[in-house]
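Shown next, in structure tokens, is the structure this report addresses.
The values are calculated or read from the model by the stated rules, or taken from the named source; none is laboratory data. Since the model is a prediction, treat every value here as computed from it, not as a measurement. No Cβ is skipped: glycine too gets one built from the backbone with ideal geometry, and neighbour counts run over all protein chains shown.
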Amino acid sequence: QGYGLTETCAGGTFSEYDDTSVGCVGAPLPCSFIKLIDWPGGGYLTSDSPMPRGEVVVGGPNVTVGYFENEEKAKEAYRVDETGMRWFHTGDIGRFHANGCLEIIDRKKDIVKLQHGEYVSLGKVETALIVSPYVDNIMLHADPFRSCSVALMVASQPMMEDWASKQEIKYA
């Protein structure tokens with residue numbers, strides 16, 4: 001597996017060819033510097049234990065200089081530190097494992113703050129629900145002007161038929 005974006009000229013991390021683990025996207029490539037920065041609003045901190053978590057930020061010569069004719073968006077996503085290193089703020093949330101591999105666990109844009117201040121990670125909830133054998137597909141909707149989220153689910157017809165049969169319910 002690997003991780004990269006157009007803004008990082010595709011490369012950022014890459015797993016070893018014999019790494020068959022699932023979830024991690026590998027260690028940083030020699031041309032990439034990757035760090036995590038705190039995102040307190042989403043509850044992700046580099047001081048989190050047992051693994052630091054935060055927004056994935058990529059620096060190095062492979063990072064593009066900005067967005068063509070879109071200075072405003074470039075100012076949001078690209079920052080230069082005191083050493084002159086240009087960093088691209090990906091919007092992805094990650095954590096580093098002890099072996100140096102990066103795992104992408106969330107996305108800033110997939111997190112919605114509900115009316116009463118609770119944060120809902122659309123991706124996390126969808127991932128938790130899709131593992132049910134009764135669910136074929138799911139989409140979570142959260143509105144910042146509401147106090148709850150809504151899941152739209154496509155049920156697994158074979159599983160529903162089986163369940164109905166066991167409950168002695170006619171399924172048509």
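Residues in segment 96-114 that are in contact with a Leu (Cβ under 7 Å, 6 or more places away or on another chain) and not aliphatic (A, V, I, L, M) were compared, and the one that is surrounded by the most Cβ atoms within 10 Å (Cβ to Cβ) is F96. Within this structure, H97 passes the test of being in contact with a Cys (Cβ under 9 Å, 6 or more places away or on another chain) and within 19 Å of V58 (Cβ to Cβ). Counting only residues that are surrounded by 14 or more Cβ atoms within 10 Å (Cβ to Cβ) and assigned to a helix (DSSP H, G or I), segment 26-55 holds 1 of them. Of all residues in segment 10-25, those satisfying the criterion of being in a loop (DSSP other than H, G, I, E, B) and either at pLDDT 90 or above or crowded, with 19+ Cβ neighbours inside 10 Å (or both) are G12, V25.
Scanning segment 124-136 for residues that are closer than 28 Å to F14 by Cβ and of a type outside the set (V, I, T) turns up at least one hit.
Residues in segment 13-46 that are closer than 16 Å to G59 by Cα and touching a residue at least 60 places away in the same chain (Cβ under 8 Å): T13, A27, P28, I34, L36. One residue stands out among those in segment 115-147 that are part of a loop (DSSP other than H, G, I, E, B) and touching a Leu at 6+ places or on another chain (Cβ under 7 Å): the one that is modelled with the lowest pLDDT, which is P144. When T90, T83 are checked against the criterion of being out of contact with any Phe, Trp or Tyr (no Cβ under 8 Å at 6 or more places or on another chain) and surrounded by fewer than 17 Cβ atoms within 10 Å (Cβ to Cβ), T83 stands alone in meeting it.
Residues considered: V112, V125. Of these, the only one that is among the β-branched types (V, I, T), in contact with a helix residue (DSSP H, G or I) (Cβ under 9 Å, 6 or more places away or on another chain) and in contact (Cβ under 8 Å) with a residue 12 or more places away in the chain is V112. When we screen V154, V120 for residues that are over 15 Å from the mean Cα position of the chain (by Cα), β-branched (V, I, T) and not assigned by TED's automatic domain parsing to the domain that holds R53, the only hit is V154.
The set of residues in segment 128-172 that are surrounded by 10 or more Cβ atoms within 10 Å (Cβ to Cβ), aliphatic (A, V, I, L, M) and without any contact (Cβ under 8 Å) to a residue 12 or more places away in the chain comprises A128, I130, V150, A164, I169.
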